[in-house]
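*Asks:* One structure, as structure tokens, below. Some questions next.
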Amino acid sequence: STVVKALEAITDSVVPTGWMLESHSSPGKIKIALAGADELDGSGKLVWIPFVVDLEAQTGDSSVIHFSNFIFNDGNISTELHNGCLTVGVGTEEVETTIPKVFLLSQNSPNPFTGATEIRYGLPENSYVEITVYNLLGQKVVTLVKENKKAGYYTISWDRKDESGKKVATGIYFYRMETDKFKATRKLTILR
């Protein structure tokens, strides 16, 4: 049964004149279309999506809401979910809208993957960060990040190549993020 249900998309009167918003929800999904003739610029709230949680169907203390398949002008765009707010942007490296309250290392997406995957992480303070991929034997495959970073949210991409630029074999790998105050490891899977 469905635990979390999206009701509809609401513009809260922030969509500019000449723009349209349509939404359709079904169990487990919501589709939103926003269209207009003029370019949008600036930042701020554009769309609200209220959810209802079925407490009888829910197991555990929380429900997970997964956002996927964002398309913008016929192309995929990056997304970040933090502090209860979904940020959608066209940037590839850094989302500068807010600073996280805690360190975080998100699960890579897509996972499993065949060509490339993205890893998102957040720093609540300026930090020296290392993110390294290891094989099942614990051997280093590639270091993706090894530098000082300002507080904020980041996204990096891994094209499944090792330090020498060769594609690694299919299988299970681990990626580890380390700072002076935080360490976390996650598993990723490469398919053919």
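Every number in this text was worked out from the coordinates using simple rules, so none of it is lab data. Keep in mind that this is a model prediction, so the values were computed, not measured. Because the Cβ atoms are built from the backbone with ideal geometry, glycine has one as well, and the counts that use them run over all protein chains shown.
*Asks:* Cut-off is 10 Å between beta-carbons; in what order do THR179, THR117, THR189, THR143 appear when sorted fewest neighbours first? Could the numbers behind the result be given before it?
*Replies:* Values: THR179 18, THR117 21, THR189 14, THR143 11.
The order, fewest Cβ neighbours first, is THR143, THR189, THR179, THR117.
*Asks:* Mind listing P(r) for segment 110-187? All alpha-carbon pairs, 5 Å bins, whole percents.
*Replies:* Per 5 Å bin, starting at 0, the Cα pair percentages come out as 3, 14, 29, 25, 16, 10, 3, 0.
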